[in-house]
Amino acid sequence: MSKCRAEAAAGAAGILLRYLQEQNRPYSAQDVFGNLQREHGLGKAVVVKTLEQLAQQGKIKEKMYGKQKIYFADQDQFDMVSDADLQGLDGKIVALTAKVQSLQQSCRYMEAEMQKEIQELKKECAGYSERLKNIKAATNHVTPEEKEQVYRERQKYCKEWRKRKRMATELSDAILEGYPKSKKQFFEEVGIETDEDYNVTLPDP
């Protein structure tokens, strides 16, 4: 074996061994190939051969399930976990799950209330926009003071709209810090609808 091929084989062995240890779950050679091919560009033949060599060297474990070989990390290298530790972890999982559910419920309530207020603000903003349009079209029916008042009111409601949109964004970002799924999945589960879903854009300041 050339020096270049030896280094490539050693690199593949390191990648596969580290992957099985980090994941700590059983995989077939096809599973490993599919999971690592895009990131590391390993060929299937290299993956199969390297896994067999690692098993022969005793660095990983190999078992037959029917006609398929399954590979997994040597469990002797990991610390044993007592039943008390497992029960403690189960308790934490239950507590965190309850916390997530409570946050989701609070978020749904707040989102519903905010959507109501946003819809009301949109209606008011649309009314003022229509009024402003008429004012702009008029020649001498409106005084400068009335015109300025309309501008101020429009600015006020747009500012409130931005404020509530920012509050909703900050709240969802805070929840997403500990949420195991994507932002899109979170919005779908909670039932959050955004301005972007309806192609609504905040007016310029």
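Could you list, ordered by first residue, the pairs with Cβ atoms under 6 Å in which the first is in the range 109-138 and more than 19 Å from Glu160 (Cα to Cα) and of a type in the set (A, V, I, L, M) and the second is open to solvent by 40 Å² or more (accessible area, probe 1.4 Å) and part of a helix (DSSP H, G or I), at least 6 apart or interchain?
Ile135/Lys147
(1) part of a helix (DSSP H, G or I); (2) open to solvent by 60 Å² or more (accessible area, probe 1.4 Å): which one isn't true of Trp161, the others all being true?
Unmet condition: (2).
Going by what's in this entry, would Glu117 be described as within 30 Å of Val100 (Cβ to Cβ), in the same structural domain as Val100 (by the TED database), modelled with pLDDT of 80 or more and of a type in the set (D, E, K, R)?
yes
Conditions (1) among the small types (Gly, Ala, Ser); (2) more than 25 Å from Val190 (Cα to Cα); (3) outside the structural domain of Glu170 (by the TED database), marked per residue:
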{"site": "Gly91", "(1), (2), (3)": "yes, no, yes"}
{"site": "Thr97", "(1), (2), (3)": "no, no, yes"}
{"site": "Gln104", "(1), (2), (3)": "no, no, yes"}
{"site": "Arg108", "(1), (2), (3)": "no, no, yes"}
{"site": "Arg131", "(1), (2), (3)": "no, yes, yes"}
{"site": "Ile135", "(1), (2), (3)": "no, yes, yes"}
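One line per residue, one yes/no per condition, for (1) under 35 Å from the mean Cα position of the chain (by Cα); (2) farther than 30 Å from Ala95 by Cβ:
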residue	(1), (2)
Glu117	yes, yes
Gly127	no, yes
Ile192	yes, no
Asn199	yes, yes
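In the list Tyr179, Tyr151, Tyr128, which residue meets the criterion of being of a type in the set (Phe, Trp, Tyr) and either outside any helix (DSSP H, G or I) or open to solvent by 90 Å² or more (accessible area, probe 1.4 Å) (or both)?
It is Tyr179.
The values are calculated or read from the model by the stated rules, or taken from the named source; none is laboratory data. This one's a predicted model, so the numbers in the text were calculated from it and none came from an experiment. Counting neighbours? That spans all protein chains shown, and the Cβs are built from the backbone with ideal geometry, glycine included. Only protein heavy atoms, including side chains, enter the accessible area calculation; ligands, DNA and RNA are left aside. Shrake-Rupley method; radii C 1.70, N 1.55, O 1.52, S 1.80 Å.
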